[in-house]
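J.: The structure that follows is given in the form of structure tokens.
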Amino acid sequence: MSYKVLILEDNTLLLQTLEDFLSGHGYECTLVKSGKDALKQCYEHKFDLYLLDVKVPDLSGFDFLKELRAAGDHTPAIFVTSLSDQESLAKGFMLGGDDYIKKPFDLDEMLLRIKAILARSKGIVDDWLVIDTSYKLNLARKRLFYNQQELDINLKDFELLYLLVKERGHVVTKEMIHERLWSSSEEINEGSIRVYINNLKKIFGKEVIVNIRGIGYRFEK
């Protein structure tokens, strides 16, 4: 699974260093040098994580995150900044930041923090993806559990459920389902998708897995 990271940083050398390092570990990076450019990217694309410098042109990293949080965007955010005073640290967390890394920093330590925050944000803990207090997915074994009892679902059902839960609250398009469930050499069957969706609806209900006509589906649990 490739996570999408927006990096807001006006230092060209550091920006390139971060991209080279994170892309080398499988992350898909979008680079911006100003707060306004960052906002534009967020309006057009969905990200899994924000890496934010604070002192950038047009709109500071603090103000950028403040706007997003006010708009209901709860994407995890890490401030990466030279500001080290307690007031700035407190402000970063108060505005909805999830972590605060002081420059200069170790890239490997940053990667560990990123992995920990993404795992928490996706509900993933030690190969488990928690859906709610009753349901959870075992990612290693590709099994669905209800109150510790394993439920009988096939592999395609599992992969589709994983995709829906990972993107919960957002529309999962048919194209995304095709990419997840079928290899490029396999023939795609639209009828099969409806079968897998109906299998999951029998477990979670129609009010949880919602059809978005002509586009795809949304998981709302």
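The values are calculated or read from the model by the stated rules, or taken from the named source; none is laboratory data. Bear in mind that the values here come from a model prediction, so they are computed numbers and not experimental data. Here Cβ is always computed from backbone atoms with ideal geometry, including for glycine, and neighbour counts include all displayed protein chains. Accessible surface is based on the protein model in full, side chains and every heavy atom, while ligands, DNA and RNA are left aside. Shrake-Rupley method; radii C 1.70, N 1.55, O 1.52, S 1.80 Å.
J.: Filter region 86-108 down to residues that are closer than 24 Å to TYR43 by Cβ and part of a loop (DSSP other than H, G, I, E, B) and give me whichever is most open to solvent (accessible area, probe 1.4 Å).
T.: ASP98
J.: Going through LYS201, LYS156 one at a time, which residue ends up being more than 26 Å from GLY26 (Cα to Cα), among the basic types (Lys, Arg) and surrounded by 12 or more Cβ atoms within 10 Å (Cβ to Cβ)?
T.: LYS201
J.: Of the conditions (1) in a loop (DSSP other than H, G, I, E, B); (2) open to solvent by 60 Å² or more (accessible area, probe 1.4 Å); (3) aliphatic (A, V, I, L, M), LEU83 satisfies every one except a single condition; which number is it?
T.: All conditions are met except number (2).
J.: If you don't mind, there's one more thing I want to ask. Consider region 1-20. How many of its residues are touching an Asp or Glu at 6+ places or on another chain (Cβ under 9 Å) and either farther than 21 Å from ASP37 by Cα or polar (S, T, N, Q) (or both)?
T.: Of the residues in that region, 2 qualify.
J.: So, in region 19-75, exactly how many residues are exposed (fewer than 14 other Cβ atoms within 10 Å of the Cβ), at pLDDT below 90 and part of a helix (DSSP H, G or I)?
T.: Number satisfying all stated conditions: 3.
J.: Take the residues in region 167-187 that are farther than 14 Å from GLY216 by Cβ and either modelled with pLDDT of 90 or more or of a type outside the set (Asp, Glu) (or both), then tell me which one is least open to solvent (accessible area, probe 1.4 Å).
T.: TRP182
J.: Evaluate the following for LEU151: is it under 23 Å from the mean Cα position of the chain (by Cα), under 19 Å from ILE203 (Cα atoms) and either modelled with pLDDT of 90 or more or open to solvent by 20 Å² or more (accessible area, probe 1.4 Å) (or both)?
T.: So LEU151 does not fit the description; no.
J.: Taking region 129-148 as the search range and keeping residues that are within 16 Å of LYS202 (Cα to Cα) and out of contact with any Leu (no Cβ under 9 Å at 6 or more places or on another chain), which one is least open to solvent (accessible area, probe 1.4 Å)?
T.: Only one residue tops the list, namely SER134.
J.: Return the total of residues in region 2-18 being over 17 Å from THR75 (Cα atoms) and open to solvent by 60 Å² or more (accessible area, probe 1.4 Å).
T.: Selection size over region 2-18: 5.
J.: Between a residue in region 96-116 that is under 18 Å from THR75 (Cβ atoms) and any residue that is assigned to a strand (DSSP E or B) and charged (D, E, K, R), which pairs come within a Cβ distance under 7 Å, given they are 6 or more apart or on different chains?
T.: From region 96-116, the pairs are ARG113/ASP99.
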